[in-house]
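J.: So that we are looking at the same thing, I have put the structure below in structure tokens.
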Amino acid sequence: MSVKERSKTDLQLQLLALYLLFVGPIFALALFFYSVESERLREEVSAADLSLARAIALETDSLLRLAKEAAIAYAKLPAVIEAEPERMAEAFSAGAIARQDVNLLYRLTKDGTMLYHYPSSPGSTIGTDFSYRDYFQDAMTTGHHVFSKGRISPTTDRPVITSVMPVYKHGEFDGVVGVNLELQRLTETLVQISEKRPESEKIDIIIVDSAGQIIAHSNPDKLLTDFADDSSTVLKAVLAGEEGEFTDESEGETWLYNYTPMPTANWGVIVRHPTRLAFASLKRFQQGLLIALLIFGAGAILFWYAFSNRVFNPLAQLTRYGESVGQQISGVELIPETIEPLSERPDQIGRLARTLLRTEQSIRQRLVELTTLNKTSTVVASSLDTDQVINAILDEVRRLFNVRQCALLITDETHAELRIRASRGLSQNYVSRLELTDTTKRFPAYRAISTGQPVQVPNIELDPSFANLLPLAQAEGYQSLLVIPLIAPHVLPAALTIYRDEEHFFTEQEVNLAASFANHAAIALEHATLFSLTDAQLQQRVQFLSALNAVGYTVSQSLDIDDVLNNAMDSVFEVMPVDACWIYLQRQSEDFLRLRVQRGLPAGLAEQMEQQTIYPGQGLIWQVVESGDPLLLEDAHLYQNQWPDDPLFSYEGWQCLAAAPLLAKADITGVLGIASRTESTFSETEVELLQAIGNQIAIAVVNARLYRRSREAAVFEERNRMAREIHDTLAQGFTGILIQLQAAERLSVKNTQKALLSLREARELAQSSLQEARRSVFNLRPTVLESLTLDQAIAQQVERFKNETGLEGKFVLEGYPTALDAGTEQNLYRIAQEAMTNIKKHAQASKVEVTLAFEPKTVTLTIVDNGIGLERSRQQKQAAHATNGSDRHPARIGGLGLVGIRERVGLMGGQVYFDAPANGGTQIKVVISK
């Protein structure tokens, strides 16, 4: 419908519709805001209740977990297993004191009879049969820990639940041990939480057990009652381990439930909130919003009536006129007289009308150009086919500029010259014969590319730079041209050229329009280039992740640190172009690094690095540790002056070297290094991969060390067991010896035969106890090995030997110390200890040297002194015993002695050598296979 045909009424309805389109979104926004705010308030209420439920569940679950751990621990106590009331009283009393929520600890026999409970007063149920209890039956049947249902304890007459653990004796069920938890304290806590809230925010807090029974409630009257029937949605959800919220009606009230589970006992916490209280603020907000909308609506109506005739109607008229200017549809254009009455107004409406009239023509001219550019932009953005985009651009250029010929020139990398990539209206002869080489640098296309500015030639016959190309140009029939350079970071030098058949000077508007098309062409070429680069980078990233995954899989195949490091070295050589690789490690409690493993290093350099100890501030390796960042050196020999003492730079074959810290949990455990003899350098991606591999190795090393600690902890547990065994066996043996000796003393005067019999029995007991002592001593791990490594422990022993004897002592460590099994470490430590004890007692030496050598397949312990030697020592001991009349074997002098050393070496499957060096003294050499 045209403007002339529209009636006044229709115009008012249209304006009203436009106005309603303005007011309507405000109301819609208000309703949307109400919806969002309502949901937010609901979520806040629910989140607050759920947070409270989580906090209560976390605290209660912690108490249950401690009760479970206590029951499991009590079930393993010898006093509980042996059912000794006196010892159980001591153990139970300590537990009751430590846990205020525990009101009873007890032991039931295998038939369910109360054997003992603590405290034993005021009431006692000892002797009562509790085999009918569900928890007793469950513990006996499953053999696992269980929690009972809530009940009133007959012993304490208090509401309790019980943490129950079956007791096994000699592999057979022998009853249970129970820990009663006071439920009244939980209820009192929930009551306090509920009472602290305002009256308008009152809630019910409920804790239910796995059977749906209320274990604790903010209303004490509901303690130990059923929460609901088994079909309750909330109960079923929380006992299924789910967390969430639910709305339901009960007791004539709509309730908001929030619930969360407690996994230790399969309990749940439920927070119940009446919706009339929970959403009271939401209702007030709803009322306030309604009032605000009513006020705003009334004001909007008044505003529309006041300004429609003065402002809205003229604006609508100007808007329609402006739309007609922007549309090139036949039959909708308005003649200028339509808004001329408005242009006579002195206010802003009049000024706007006059401006529209002045700019109408320019707008219509630009509209066609912008539409064309928009179509071109759509083609550029929707396709990665460069040829398709360029052809579309050339078609639009020819149509918009109303020209016959145009072309896109781009540099050919092979021939280093500009060539026509695509063209319109140019003959094949022109395209093939056009050669723009270094000899034609003055050609307009080269000038535009070199300056980055458009270049135009209004008449080619008057331009000297066109002399060589003039015959070709005249054959094509063009007389003038415009060249626009294509500027993009990743695009080769290129230019867009527009040809005209007549002499023509391109206006600034035409140049700008051509530049827009050139920019579109540059974007298309840039997209194609970046797409190829992105694809290459993606392939590189895939290779990076594949390599890192391979390394991670390799180092995770073993918990032995030697296997981990060797596997890591293999992986580095597989995924990176290197000629050598090495790993330095820093042991715990040491402030220096040693070379742990290497591949590809020259023999001489490897020997130098193995003998080197890296202390703070020394060389390239410590530089990496100190900075915590990877380090890349090209032409590494140039950096020799920076670290003159570093063996790495004594070898001049390296062309590139990189090192990365082994980082795990913010701690640096060592350094991973690689080197190449080629002239290539390591890329940034390869250095990043090296750091990632280093992190994988660091994690594997930490895991291996943790595994070793766990094994040492197991040995420590065995040592404690052996200590108890010594107490139980040797103490009894020595008691028997004492009794027999006392009997022999009494009978020595009256009955000689019986006295001799008692002495024989005492001797036999002594021999038996001695054998038992030897067996136990061999199996004990020295406590010093619990906190120190083997080499540190032996070094400490040598230092103690020097201080105690005043002799000259020296400890030498060769090779990188590796972890040995606990038995081997304790035997080597005891051998060194026994050897130094013998030296102190018998060798008459002034100097001792102890060497611990770690080799790839063996460990060697050597103790050398400059004393009198084994033979003279043995002769002196035999002479001393002959003088004393002793009948003991000389080899047993000094405790275990040399016999003990042989026995320990035999247990390890190793070899021991006792030699006399040429310069005197004694050498004990022990060789053990790893």
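The values are calculated or read from the model by the stated rules, or taken from the named source; none is laboratory data. Everything numeric here is computed off the predicted structure, so don't read it as measured data. FYI the Cβ positions are ideal-geometry reconstructions off the backbone, even for glycines, and counts take in every protein chain you see.
J.: Do you know which residues across the stretch 115-151 are part of a strand (DSSP E or B) and either closer than 22 Å to LEU223 by Cα or in contact with a Phe, Trp or Tyr (Cβ under 6 Å, 6 or more places away or on another chain) (or both)?
T.: Selection gives HIS117, TYR118, VAL146, PHE147, ARG151.
J.: Provide a single number: the residues in the stretch 258-269 that are out of contact with any His (no Cβ under 8 Å at 6 or more places or on another chain) and part of a strand (DSSP E or B).
T.: Within the stretch 258-269, the first condition is being out of contact with any His (no Cβ under 8 Å at 6 or more places or on another chain), and the residues that meet it are 259-269.
Filter once more, keeping what is part of a strand (DSSP E or B): 259-262, 267-269.
Counting residues in the stretch 258-269 that are out of contact with any His (no Cβ under 8 Å at 6 or more places or on another chain) and part of a strand (DSSP E or B) gives 7.
J.: Shifting gears a bit: Among the residues of the stretch 637-648, is any touching a Ser or Thr at 6+ places or on another chain (Cβ under 7 Å), in contact (Cβ under 8 Å) with a residue 40 or more places away in the chain and assigned by TED's automatic domain parsing to the domain that holds THR685? Steps first, answer last, please.
T.: Initially, the stretch 637-648 is screened for residues touching a Ser or Thr at 6+ places or on another chain (Cβ under 7 Å), giving none.
Scanning the stretch 637-648 turns up no residue that is touching a Ser or Thr at 6+ places or on another chain (Cβ under 7 Å), in contact (Cβ under 8 Å) with a residue 40 or more places away in the chain and assigned by TED's automatic domain parsing to the domain that holds THR685.
J.: Can I ask one more? If LEU66 satisfies every condition in (1) touching a residue at least 60 places away in the same chain (Cβ under 8 Å); (2) hydrophobic (A, V, I, L, M, F, W, C); (3) buried (at least 18 other Cβ atoms within 10 Å of the Cβ) but one, which is the exception?
T.: Here LEU66 meets the rest and fails (1).
J.: List every residue pair whose Cβ atoms sit under 8 Å apart, with the two residues 6 or more apart in sequence or on different chains, where the first one lies in the stretch 235-257 and is in contact (Cβ under 8 Å) with a residue 12 or more places away in the chain and of a type in the set (S, T, N, Q) and the second, anywhere, is outside any strand (DSSP E or B) and surrounded by 14 or more Cβ atoms within 10 Å (Cβ to Cβ).
T.: Pairs found: THR247/THR275; THR254/THR275.
J.: Still on this structure: Looking at the stretch 513-534, which of its residues are polar (S, T, N, Q) and exposed (fewer than 13 other Cβ atoms within 10 Å of the Cβ)?
T.: Keep residues of the stretch 513-534 that are polar (S, T, N, Q), which gives 516, 519, 529, 532, 534.
Once the filter is applied, which keeps residues that are polar (S, T, N, Q) and exposed (fewer than 13 other Cβ atoms within 10 Å of the Cβ), the stretch 513-534 yields SER532, THR534.
J.: Taking only the stretch 294-315 into account, find how many residues are under 17 Å from LEU18 (Cβ atoms), in contact with a helix residue (DSSP H, G or I) (Cβ under 8 Å, 6 or more places away or on another chain) and of a type in the set (A, V, I, L, M, F, W, C).
T.: Result for the stretch 294-315: 5.
J.: Being in the same structural domain as ASN180 (by TED's automatic domain parsing), under 41 Å from the mean Cα position of the chain (by Cα) and on the phi < 0 side of the Ramachandran plot is the requirement here; does ARG65 meet it? Before the answer, list the steps.
T.: On the way: in the same structural domain as ASN180 (by TED's automatic domain parsing): yes; under 41 Å from the mean Cα position of the chain (by Cα): yes; on the phi < 0 side of the Ramachandran plot: yes.
The answer is yes for ARG65.
J.: Still on this structure: Quick one: count up the residues across the stretch 824-878 that are on the phi > 0 side of the Ramachandran plot and either modelled with pLDDT under 85 or out of contact with any Gly (no Cβ under 8 Å at 6 or more places or on another chain) (or both).
T.: The initial filter retains those residues of the stretch 824-878 that are on the phi > 0 side of the Ramachandran plot, namely 844, 869.
Then keep just the ones that are either modelled with pLDDT under 85 or out of contact with any Gly (no Cβ under 8 Å at 6 or more places or on another chain) (or both); that gives 869.
So the count comes out to 1.
J.: Just to verify a result, which residue in the stretch 797-851, among those that are assigned to a strand (DSSP E or B) and not charged (D, E, K, R), is nearest to LEU565 (Cα to Cα)? Break it down stepwise before answering.
T.: Just the residues of the stretch 797-851 that are assigned to a strand (DSSP E or B), to begin with: 808-814, 847-851.
Filter once more, keeping what is not charged (D, E, K, R): 809, 811-813, 848, 850-851.
On the way: GLY809: 35, PHE811: 28, VAL812: 25, LEU813: 21, VAL848: 36, VAL850: 29, THR851: 26 Å.
Among residues in the stretch 797-851 that are assigned to a strand (DSSP E or B) and not charged (D, E, K, R), the one nearest to LEU565 (Cα to Cα) is LEU813.
J.: Oh, and also: Return yes or no: is TRP654 part of a loop (DSSP other than H, G, I, E, B), of a type outside the set (Lys, Arg) and surrounded by 15 or more Cβ atoms within 10 Å (Cβ to Cβ)?
T.: Against the criterion (part of a loop (DSSP other than H, G, I, E, B), of a type outside the set (Lys, Arg) and surrounded by 15 or more Cβ atoms within 10 Å (Cβ to Cβ)), TRP654 qualifies.
J.: Tell me which residues, restricted to the stretch 558-577, are without any contact (Cβ under 8 Å) to a residue 12 or more places away in the chain and aliphatic (A, V, I, L, M).
T.: Result: no residue meets the conditions.
J.: Does the stretch 548-561 include one or more residues that are surrounded by 17 or more Cβ atoms within 10 Å (Cβ to Cβ), assigned to a helix (DSSP H, G or I) and either modelled with pLDDT of 75 or more or more than 25 Å from the chain's Cα centre (by Cα) (or both)? First the steps, then the outcome.
T.: We begin by selecting, within the stretch 548-561, every residue surrounded by 17 or more Cβ atoms within 10 Å (Cβ to Cβ); these are 548, 551-552, 554-555, 558, 561.
Narrowing further to those that are assigned to a helix (DSSP H, G or I): 548, 551-552, 554-555, 561.
Filter once more, so that each one left must be either modelled with pLDDT of 75 or more or more than 25 Å from the chain's Cα centre (by Cα) (or both): 561.
Yes, some residue in the stretch 548-561 is surrounded by 17 or more Cβ atoms within 10 Å (Cβ to Cβ), assigned to a helix (DSSP H, G or I) and either modelled with pLDDT of 75 or more or more than 25 Å from the chain's Cα centre (by Cα) (or both).
J.: If we keep just the residues of the stretch 110-125 that are touching a helix residue (DSSP H, G or I) at 6+ places or on another chain (Cβ under 9 Å) and closer than 20 Å to ALA96 by Cβ, which is surrounded by the fewest Cβ atoms within 10 Å (Cβ to Cβ)? So that I can check it myself, show each step before the final result.
T.: As a first pass, look at the stretch 110-125 and keep what is touching a helix residue (DSSP H, G or I) at 6+ places or on another chain (Cβ under 9 Å): 110, 112, 115-120.
Checking the rest, the ones that are also closer than 20 Å to ALA96 by Cβ come to 115-120.
Values: LEU115: 17, TYR116: 21, HIS117: 26, TYR118: 20, PRO119: 16, SER120: 14.
The qualifying residue surrounded by the fewest Cβ atoms within 10 Å (Cβ to Cβ) is SER120.
J.: So which residues in the stretch 69-112 are part of a helix (DSSP H, G or I) and either without any contact (Cβ under 8 Å) to a residue 12 or more places away in the chain or not assigned by TED's automatic domain parsing to the domain that holds GLY127 (or both), if there are any at all?
T.: Result: GLU69, ALA73, LYS76, PRO78, GLU86, ARG87, GLU90, ALA94, ILE97, ALA98.
J.: Continuing with this model, one more query. Report yes if GLY150 is crowded, with 19+ Cβ neighbours inside 10 Å and under 30 Å from GLU243 (Cβ atoms), otherwise no.
T.: Yes, satisfied.
J.: Residue check: is ILE621 in a strand (DSSP E or B) and farther than 21 Å from THR685 by Cβ? Break it down stepwise before answering.
T.: Values: in a strand (DSSP E or B): no; farther than 21 Å from THR685 by Cβ: yes.
So ILE621 does not fit the description; no.
J.: Within the stretch 897-913, is even one residue modelled with pLDDT of 85 or more and assigned to a loop (DSSP other than H, G, I, E, B)?
T.: Yes, there is a match, as at least one residue in the stretch 897-913 is modelled with pLDDT of 85 or more and assigned to a loop (DSSP other than H, G, I, E, B).
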